[in-house]
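Below is one structure; the comments refer to it alone.
The values are calculated or read from the model by the stated rules, or taken from the named source; none is laboratory data. Remember, predicted model here, so these are calculated numbers, not experimental data. Don't worry about glycine lacking a Cβ; one is built from the backbone with ideal geometry, like all the others, and counts go over all protein chains shown.
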Amino acid sequence: MKFEQIHTIGILGGGVMGGGIAQVLAVAGYDVVVRDLTEEIVQQTKDAIFESRWGMKRAVEVGKLPFDRAVEAIPRITVTTDLNALKDVDFLIEAVPERLDLKQRVFKELDELVNKDAIFVSNTSGFPIVDCQRDVSEARKPLFGGMHFSNPVPTMKMCEVISTPLTSADTVEAIKGVAEKAGKVAIMVKDQPGSYGFILNRVFAAARREAEAIVDAGLATPEDVDRAMITGRNWPAGFFGERGGIGKQW
Ligand SMILES: NC(=O)c1ccc[n+]([C@@H]2O[C@H](COP(=O)([O-])OP(=O)(O)OC[C@H]3O[C@@H](n4cnc5c(N)ncnc54)[C@H](O)[C@@H]3O)[C@@H](O)[C@H]2O)c1
């Protein structure tokens, strides 16, 4: 499946990430089908997309999203409990909770159900993509990669595009193309078996370990660690947030 052939995107899991991803892809012009488990969650997903702090209504109110584009995007979004609604998608994004056994199980199920030419990506925060794709058919593996968005998806620009040695060049280009069409900055990174995290979460985890070690050793307060990063490295989020920090958390 090439980038130009992608029109309909399925999302498994309509939580914090799935809802945000659905929103940006629909605004970008894709037909989007989100599947979650219960009618109650389906309603929460719709509320998040349309009514939440990062949702479309507020984006229009604050001038981040033109009214006409929001109106055009709304009918492109379907949220459902019906797994079969994902059958004919061209591109499938998995955004279920961060449990490897769950991701492996749903990918196996989806591999059997979904159009054999569809591209599959995981929005995992850090499991190696080779582990996520373990149980899909050999035929799907060239069509499989990672697509790691950052939360909140409607405002954060980054999207890591993760490839394994088996991911085809067309698939990498297609994932990158979808990310860019959604207004994201595509960051290319290779999968690393045996490791957790790609670029963002590995670098952040390492820096946070050091920040915590400094505070644990009694060398500085959380507030001063955040202040050092804000004033010395333009790192406005800091590390400590509500745990005594002063960083600009989301
Ligand atoms: N929250 C973040 O800041 C963030 C950032 C980047 C990546 N991620 C990753 O994105 C993924 C999703 O995270 P989230 O924060 O959106 O989680 P979440 O718990 O908010 O949402 C997950 C959704 O998946 C649904 N789900 C579970 N099993 C399902 C199934 N079989 N079929 C359909 N839906 C199912 C749940 O009901 C839930 O609504 C995780 O892998 C996470 O690590 C999260």
**Request:** Scan the range 56-72 and report the pairs whose first residue is outside any helix (DSSP H, G or I) and whose second residue is modelled with pLDDT of 95 or more, with Cβ atoms within less than 7 Å and a gap of 6+ or a chain change.
**Result:** LEU65/VAL27; LEU65/MET56; LEU65/ALA59
**Item:** Selection within the range 102-125 - within 14 Å of the ligand (Cβ to nearest atom) and part of a loop (DSSP other than H, G, I, E, B)
**Value:** VAL114, ASN123, THR124, SER125
**Asked** For ILE129, which of the numbered conditions (1) out of contact with any helix residue (DSSP H, G or I) (no Cβ under 9 Å at 6 or more places or on another chain); (2) more than 16 Å from the ligand (Cβ to nearest atom) fails to hold?
**Response** (2)
**Request:** Just give me the residues in the range 1-34 being touching a Gly at 6+ places or on another chain (Cβ under 8 Å), surrounded by fewer than 24 Cβ atoms within 10 Å (Cβ to Cβ) and over 21 Å from LYS176 (Cβ atoms), in sequence order.
**Result:** VAL33
**Fill in**
All-but-one check, GLY15 against (1) at pLDDT 95 or above; (2) more than 12 Å from the ligand (Cβ to nearest atom); (3) not polar (S, T, N, Q), failing number (2)
**Prompt:** Checking ILE93 against (1) closer than 23 Å to LYS141 by Cα; (2) surrounded by fewer than 16 Cβ atoms within 10 Å (Cβ to Cβ), which single condition isn't satisfied?
**Reply:** (2)
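Looking at LYS87, LYS64, which one is surrounded by fewer than 17 Cβ atoms within 10 Å (Cβ to Cβ) and farther than 26 Å from ASP111 by Cα? Quick ask: steps written out before the conclusion?
Numbers: LYS87 fails: farther than 26 Å from ASP111 by Cα.
The match here is LYS64.
For the range 87-123, name all the residues that are polar (S, T, N, Q) and in contact (Cβ under 8 Å) with a residue 60 or more places away in the chain.
Our first condition is that a residue be polar (S, T, N, Q); within the range 87-123, this holds for 104, 115, 122-123.
Scanning the range 87-123 gives a single hit, ASN123.
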**Prompt:** Is there any pair with a first residue in the range 126-140 that is in the same structural domain as ILE175 (by TED's automatic domain parsing) and in a helix (DSSP H, G or I) and a second that is within 14 Å of the ligand (Cβ to nearest atom) and among the small types (Gly, Ala, Ser) whose Cβ atoms are under 8 Å apart and which are 6 or more apart or on different chains, and what are they?
**Reply:** ILE129/SER122; ILE129/GLY146; CYS132/SER122; CYS132/GLY146
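Grab the strands (runs of 3 or more DSSP E) fully contained in the range 144-250, keeping just those with 1 or more residues being loosely packed, with under 13 Cβ neighbours inside 10 Å.
Values: elements: 144-149, 158-163, 185-190.
Fully inside the range 144-250 and qualifying: 185-190.
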**Complete:** Looking across the range 73-101 at residues that are in contact with a Gly (Cβ under 7 Å, 6 or more places away or on another chain) and assigned to a loop (DSSP other than H, G, I, E, B), the single one that is farthest from the ligand (Cβ to nearest atom) is VAL89
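Kindly provide the set of residues from the range 18-44 that are more than 10 Å from the ligand (Cβ to nearest atom) and outside any strand (DSSP E or B), ordered by number. Lay out the reasoning, then the answer.
First, the residues of the range 18-44 that are more than 10 Å from the ligand (Cβ to nearest atom): 22-33, 39, 43.
If the condition is that a residue be more than 10 Å from the ligand (Cβ to nearest atom) and outside any strand (DSSP E or B), then ALA22, GLN23, VAL24, LEU25, ALA26, VAL27, ALA28, GLY29, TYR30, GLU39, GLN43 are the ones that fit.
Quick one: would you say LEU37 is within 20 Å of ASN115 (Cβ to Cβ), in the same structural domain as LEU110 (by TED's automatic domain parsing) and at pLDDT 95 or above?
Numbers: within 20 Å of ASN115 (Cβ to Cβ): no; in the same structural domain as LEU110 (by TED's automatic domain parsing): yes; at pLDDT 95 or above: yes.
Here the answer is no, as LEU37 does not meet what is asked.
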